[in-house]
Structure formats: structure tokens, C-alpha cells
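Report on one structure; see the data block that follows.
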Amino acid sequence: MPEKWILLQYQSLPLQAKAVMSQNRIREWYDHWHGDVCISFSGGKDSTVLAHLVHDLYPHVPLVFANTGLEYPEIQEFARKMGAEFVRPKMSFSQVISTYGYPIISKENAEAIYYARRIRNSVGGGTRKHAENGSNCNPQTLGNQRFQNNRGGGTTSNVPPETPRVDGRKTRKDWHDWRRESIAGVGAFQPGTTSIFNKHKWLPLCQETQFKISHMCCSIMKKGPMKIYQRKHHLYPYLGTLTEESKLREQAWIRHGCNAFDGTVKTSQPMSFWKEQDVLRYIYEEGLEIASVYGDIVSVDDENFAYSPLPGLATNLKCTGCQRTGCVFCGFGAHLEKGETRFQRLAKTHPKQYEYCMGGGQWVDNPDYDPVAPKMDGEWQNWNPKKIWVPSKEGLGMKKVFDDCNEIYGKDFIRYD
Ligand code: SF4
């Protein structure tokens, strides 16, 4: 099984060696599935490099683009120009937010909040069920209880929450408990230690805000339509994802490596060990065309002075336009941005889209409101607002969402104007 130190070693290889290794992974995947493969193409710079690496070996492999309607118009145009086949989601972004919640902070944290809030609303009345089962929802004791179970019951410890089948937690409620523990700050595996999945910082966001938060958006807007396409055509996809982008991706790599032949979802991520700088250098050195929204690739020095990159010289590269081109309204990672943020840039470059994103919003009855649920469950405050904030026809209402976040975490937590 791959290990973290192997990943670190791969990440430190020179670019040429990485390209050779990636093409080896691409060949393995292609041979394993007898050429029944496709490229999941986002129109971004990573998947542009991926398409180049794959087409260098197998020029006929199709590109598939999930057109969520949330991409920059320039990205859609570029995907069309590259000859990608377009697939579309069944729900709009606004419907996804109203039904599941806003994608903010990060996928991992949004997922934890989503499930931690749902305990009370579990099928059959979560709170009552907990009491009947003798389960204790008190965040002060949940962690200890699990630790004792692990010692006595022989269940596997040190198992991240993304791998439900191998842990002793069998039921949905067990997994919702896990989320609540990590939000409550007691999700450590050993007494006196803090789990890397500790999400205590997000407790106020989980309990005090009146809008839904969830990780479901990507699955519905992108992965779902892709899966339908892949099943229909019996194709196994290459993805241009990098492990440096998230812990979740790093964990997935440690479990399956680049080619997840044994994964529940069978995907190849042959560039997993690349870094963003490798991607930029590869584009520059190979002279690849990228979507116009990125602008040009330049070198920057310590004082942020930009100049043309020198061939072979390891300097810090960046794009003169957008640094990232995911969905324009996505809130994931928005609190981590330095300098001009994606929303500040959007206001200048695409003012109509910006207005739609920040404007609008409305209060509606919370369909999950439970009039008999107690306010507290042990020391845990149930999330049970009567009204919730959702998008309206006029816009997504993200200004209010960001303002509420900024009220909790400081006025510059998410900068958008
Ligand atoms: S990148 Fe963000 S907005 Fe786009 S589909 Fe994924 S979660 Fe939704």
C-alpha cells in the first residue's frame, strides 16, 4: 500500500520524471480496461495537462466536460474548442443549495457539519433513538466512549471518517455521531491527543447559523452526470486531481495510489503527485494553450514583480489572470485566499455573475424543523431553526452567508467586496 513518505518522495521528483511516471500510470489504466477510458475534463489547467499527457499516447480518448453552468464562460468555450462532450446535472446550483446547503469552508468540514446537524433529524427521530439505544450524545463523553469501545471491542482505530466500511461504526447514526464528535472537538483516537479530523473551530458555524451547509454539490453537479455518462458508455475515467489540494485526496491516494483499480469508484489520477508549480511549468515549457481566463504564465520574485519565465530555471510561476477556475460561485476555500480573492476578482471581471452570486436570497420555512425536538441534547445544541436562508430567483444570497461567517470569524474571514 502507498504511504505518505512515498508520496512526498514522488512530489520532490523533477518534472520530467513526473511526466514519465504519469504516462506509465496512464498506460496501466488504459491496458487494464482495454482502452475503455475517458478523460474527465474540467477545462482547467490541471486537466489540460492531463489531456495532453493522455493524448500524447492515445489521441482518440474522449474528453467529457460536466457543464454545471457555474464555470466561467471562457472555460466552457475552451472545453468546446477542445472537442469535449458536454454532460449536464439534473439540478441547478440554486436547487442544490436549497435542498442540501451552501458549499463553504471545505468539503471535509461541510460534510462534518451536514451530518453533525442531522442527528436530531435522523429517520424516526434521531434524538429519541439515541436515548432508546442508550447512546450518549454528550460531546464531553462521546470521544472517551469510543476510545473504550476501541480498546475493548477490537475495532480499528486511526481509521479516517472517509472509510466507513473498515471501522467498527456500522450504522448511519454511528457515523453521524462521529461527525458530531469531530465538531465538538473530542474526535481524538488516543486520550490527550487531538485528531487531524478535529473540526472544533467550526462548532459556532454549525450551531449558530441559519443556512444549510453541505458537501453534496460536487456529487450532484459534477460526479453524478459523469457517472451516468461513464456507465452508459462503459468508460473508466482519468482525473487531473492533485493530492496537494486536499487531505481527502491525500488519504485516497494512500489507500489506492494513482490508479484505484480496487476502489469503490474506479478512477485513475495519474498526476496525483504533481504540484501546482509543475502544472504551470509543464504548460509553459510545452507551450500548451489554456483557457483565456487564466491570462499568461509569468515568473514572480519575492516582491511580486512579474517577468517572463526562463527555461529550465526553477522560479515561482503564476497566472496573470485567475489562479483557479473551478465553479465561479463555489465557496469552498474562499476563506483561505490571500491577496485579491475569487469574489473580488469576479466583481471586476464578471459583474453580472457577481451580482447574482451575492444578491438575492430569502427566508423560508425549514422543511426539517422538528417542533418537539429539545434545544439541547446533553451538552450539544441541536440545529433546528424554524426558518432558513436559501437562494431566491434574484440570486444565491451568498452575501448574507459570508457576512454571517465574518461575524463569527472576523470581518476579513471571507473577503468579497
Ligand atoms: S466546485 Fe464547488 S460549486 Fe462547483 S460543483 Fe463542486 S462544490 Fe459545487
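The values are calculated or read from the model by the stated rules, or taken from the named source; none is laboratory data. Note that this is a predicted model, so its numbers are computed, not measured. Ideal geometry is used to build each Cβ from the backbone, glycine not excepted, and the neighbour counts take in all protein chains shown.
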Practice task
Answer yes or no as to whether Arg88 is outside the structural domain of Leu235 (by TED's automatic domain parsing) and over 19 Å from Asn259 (Cα atoms).
Solution key: no
Handout entry: Residue in segment 36-55 that is in contact (Cβ under 8 Å) with a residue 24 or more places away in the chain, loosely packed, with under 15 Cβ neighbours inside 10 Å and touching a strand residue (DSSP E or B) at 6+ places or on another chain (Cβ under 9 Å) present
Key = yes
Exercise for the section: Determine if segment 264-271 includes at least one residue that is in a loop (DSSP other than H, G, I, E, B) and surrounded by fewer than 16 Cβ atoms within 10 Å (Cβ to Cβ). Expected result: yes
Practice task
Scan segment 75-82 and give yes if some residue there is of a type in the set (Val, Ile, Thr), part of a helix (DSSP H, G or I) and within 13 Å of the ligand (Cβ to nearest atom), otherwise no.
Solution key: yes
Completion exercise
Only one of Ser268, Ser182, Ser246 is outside the structural domain of Gly44 (by TED's automatic domain parsing) and in contact (Cβ under 8 Å) with a residue 24 or more places away in the chain, namely Ser182
Problem - Answer from Val87, Val61, Val20 - the residue that is surrounded by fewer than 21 Cβ atoms within 10 Å (Cβ to Cβ), under 28 Å from Gln251 (Cβ atoms), within 23 Å of the chain's Cα centre (by Cα) and modelled with pLDDT of 95 or more - result: Val87
Exercise for the section: Mind listing whichever residues of segment 94-111 are modelled with pLDDT under 95 and away from the ligand (no atom under 12 Å from the Cβ)? Expected result: Glu108, Asn109
Exercise for the section: Please state which one of His215, His200 is without any contact (Cβ under 8 Å) to a residue 60 or more places away in the chain and in contact with a Ser or Thr (Cβ under 9 Å, 6 or more places away or on another chain). Expected result: His200
